[in-house]
Amino acid sequence: MVTLGHLRCALGAQYVLRTTARGCSTPSAHADARSEVRSNGDARSDGVVPRRAVVPGGRSPRLYVSKLFLSFGRSEPHDKLACKSQKLMLQNDVMDICHSGAYHLLPLGQRALEKLIRLIDWEMSTVGGQKISMVTIAPADMWRKTGRWESTGKEMFKLQDRHGMEFCLGPTHEELVTSIFASRCPLSYRRLPILLYQISRKFRDEIQPKHGLLRAREFEMKDMYSFHTDEASAMETYHSLCEAYSRIFDRLSVPYVKVRGSTGNIGGSLSHEFHYLAPVGEDKLLLCSHCGVQVNKEMADSVEKDCLNSGHDCQLQEVSGTEVGHCFYLGTKYSSVFNALFEMQLARSSEWSMKFVKLTHMGCFGLGVTRILQAGLEVLSSDSHLRWPSLLAPYQVCIIPQKEGFEAEIYAELADDLSDQLTQLPALHGEVVIDDRTQLSIGHRVYDALQIGYPYIVILGKKARGNPCIVEVQNTISGERNFLSRDQLWDLMSSVVTL
């Protein structure tokens, strides 16, 4: 008969050392542990002894599905406007609706959001961005200076305080950031360019909120604002930010396009948009692989000008896109209003110097953070299963041990040990969960894991008791299913990249 000790040997000598250090290397030790749990009144009503979540020695705590904030199988939203990703995010407890156009992010959604923010922060730091945090409630006077208090229309949430002062819930922050910069002017030209950005809540009173976070009243956005000595410097940063956005979307591995777009209410003389291609997208894009034209349909008049073949050989295709990023060259639209200046020195001697001041040239660059999150799921997911961009998956690995009645306690111990080993990999620290709902069949738990979208599902079947230990691994992104030895599994997991 194969004993627990034999199984640990099959999984590697380091498992034996680890479990011995825990004081659980003998049957009597396991019995004592079970007795201790029961004496503390911590046994489950179904008689199953809870697994220990805390691992001594500073290693990553074990994570169990039974302890996650998941309900498994919520009903579909009663919303005729609901799209695939919205339904799946609600069903699988990624988010929850509060009211029309406003959603709570639940633990799975929040973990994915934090990973996306880390990716954005990294790329913004590579271009010289400095992170700030501006207020949400903006005074009306600032918006009136630029004329946008009236021109923005009913999409702006407006309110008054008890003294009758008017404010808005900021949909964007050009006025505020330019005011901050101007309060420190004039700055020396040597200090420019300066790039300031934030990731914060934005608000828009959408006339018809729909599709979850794709068109919401409250959402997370990254907005960066750059200040320059001249147009040439501003354009250099503009192209640098476009490249940074491309790197972000390339790393997420979701198909996207960059198109010429309208400057709209933001203003300026040049803009480019980044779109995920999906049928639910509200923007219509014109693309031509023959001549390279890529424009938003609202800019259709520019096709003739942009076409390398003067429009004669264009083979334009109209597709639907969801805008996830936008870059603007603003010129001096805002700096002229708030007097955002820099100082130049023309000449200098030991007794005198000649200086003059000029308006800064500006750019602004936005990413719809929560929109990127859901739009990626809209593109990658099937009708029934979430598929995350691998970098953003809330957890990377789900381990599924055997069901009750099939020596479940032995397999549960194996799952614990495997989790302990995998989480020693820096990329998998806190990224491995164990589905300890052993009252359910393996098939049931695999289906739940597929719905949630773990990139890797590791199943401890009968072959896990052999020597060598063999486990089944499903790669939900590629669709591959393989039986791997411990060393092969280690090699595979060592290649996983997370944020």
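Accessible area per residue was computed with a 1.4 Å probe on protein heavy atoms; Asp250 scores about 90 Å². Between Asp383 and Met344, the C-beta separation translates, for a Förster distance of 51 Å, into a calculated FRET efficiency of about 0.25. Test of the criteria: in segment 425-482, which GluC sites (Glu not before Pro) are in a DSSP loop and have at most 14 other Cβ atoms within 10 angstrom of their Cβ? Sites meeting the loop and neighbour criteria: Glu480.
Given their separation in residues at 0.36 nm each and the Cα-Cα distance between them, Glu114 and Glu206 gain 30.6 nm when the chain is fully extended. A crude spin-label estimate for the pair Gln317 and Ser183, with each label 7 Å from Cα along the Cβ direction, gives 5.1 nm.
Spin-label pair Asn475-Arg190: with each label point 7 Å from Cα along the Cα-Cβ axis, the two points sit 5.4 nm from one another. Here the simple spin-label model places points 7 Å from the Cα toward Cβ, and for Arg162 and Tyr447 these points are separated by 5.7 nm.
Checked against a 32 Å cut-off, the cross-linked pairs Lys158/Lys355; Lys84/Lys131; Lys202/Lys297 give Cα-Cα distances beyond that limit for Lys158/Lys355; Lys84/Lys131.
May I ask for log10 I(q)/I(0) of segment 143-237 at q = 0.17 Å⁻¹, from a Debye sum over the Cα atoms as equal point scatterers with solvent left out? Each listed q corresponds, in turn, to -0.92.
For segment 361-499, the share of DSSP beta bridges that are antiparallel, to the nearest 5, is 55%. The calculated FRET efficiency for Ser289 paired with Asn265, based on their beta-carbon distance and R0 = 35 Å, is about 0.65.
Per-residue extension of 0.36 nm, minus the Cα-Cα distance of Val257 and Phe406, leaves a gain of 48.5 nm for this segment. The gain in end-to-end length when the Val135 to Ala427 segment is fully stretched comes to 101.6 nm, 0.36 nm per residue minus the alpha carbon separation.
The values are calculated or read from the model by the stated rules, or taken from the named source; none is laboratory data. Computed from a prediction, not measured in an experiment: that's the story for all the values here. Note that we place each Cβ from the backbone using ideal geometry, even for glycine, and neighbour counts take in every protein chain shown. All accessible areas refer to the heavy atoms of the entire protein, side chains included, with ligands and DNA or RNA removed. Shrake-Rupley method; radii C 1.70, N 1.55, O 1.52, S 1.80 Å.
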